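Taking it in order: structure first as structure tokens, then the write-up.
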Amino acid sequence: MENKAALIEELNRYYTVWQETNYVYTEWAKTHGISVSCLLALTAIDEGGEDCTQKKISQRWLIPKQTVNMILKDFENKKLVELFPMQGDKRNKRIQFTAAGREYADTILPALRKAELAAIQKMGLERMHRLSEDGALFIKLFQEAGGKNTNDTNA
């Protein structure tokens, strides 16, 4: 077995990277006048198409349903989104940008994507792929070793 101290050191490096990633996105959102949860909701609505619901936003970004609900109510009050009953399930509502919402999202999301893509281009697609693969593997192995295995955002 590998040296336990070396394993702990790498785990601590992972914690630092994880926290710094969260911090960078939180600060990026703040500079654009929104919370990181709001930024993630905007992204989900933008990418969600006809299937975007509160539940899907919550599950995709692991944001509590109550937080997503508050964000959507704020977006509705500002006339940025409209909610429509789903065909097969009237309990869920499809979320769609209004024209004003699309315009608002277009002032934020392209700048985010530009910064993200610039970082990926500098690090290289292969390294980005490896980062994603290694992160997914760590999560899988952690769950197998007894880590909590759930997407329940209300816990």
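The values are calculated or read from the model by the stated rules, or taken from the named source; none is laboratory data. Since we're looking at a predicted model, the values are computed, not measured. Neighbour counts run over all protein chains shown; Cβ positions are idealised from the backbone, glycine included. Each accessible area value is taken on the protein alone, full model and side chains, heavy atoms only, with ligands, DNA and RNA left out. Shrake-Rupley method; radii C 1.70, N 1.55, O 1.52, S 1.80 Å.
A few notes on this one:
- To the nearest 10, the accessible area of M70 is 140 Å² with a 1.4 Å probe.
- Debye intensity ratio in log₁₀ form over the Cα atoms of the chain, taken at each q of 0.11, 0.12, 0.13, 0.14 Å⁻¹: -0.57, -0.66, -0.77, -0.87
- Most to least accessible of S37, S58 (protein chains only, probe 1.4 Å): S37, S58
- Residues whose placed amide H lies under 5 Å from that of C52, excluding near-sequence neighbours: I95
- A run of the chain free of exposed loop cleavage sites, with trypsin sites (Lys or Arg not before Pro) counted only in DSSP states other than H, G, I, E and B and at most 16 other beta carbons within 10 Å, reaches its longest extent at 1-77.
- Per residue, the chain exposes 73 Å² of accessible surface when a 1.4 Å probe is rolled over the protein heavy atoms with every protein chain present.
- Normalised convex hull volume, segment 33-110, alpha-carbon set, Å³ per residue: 87
- The Kirkwood radius of segment 67-155, taken over pairs of alpha-carbon atoms, gives through the Stokes-Einstein law at 10 °C and 1.306 mPa s a diffusion coefficient of 94 µm² s⁻¹.
- Signed unit charges on C-beta, dipole axis of segment 40-135, positive-most listed residue L131, A111, G101: G101
- Exposure of T16 as accessible area (Å², to 10), given a probe of 1.4 Å and all protein chains: 70
- Ligands, DNA and RNA left out, the accessible area of the chain computed with a 1.4 Å probe is 55% carbon and sulfur.
- By the rule of a C-alpha distance below 22 Å, with chain neighbours fewer than 8 residues away ignored, the lysines paired with K140 are K4, K56, K148.
- Dipole moment magnitude, nearest 20 debye, segment 1-141 about Cα centre, only Lys, Arg, Asp, Glu C-beta charged: 440
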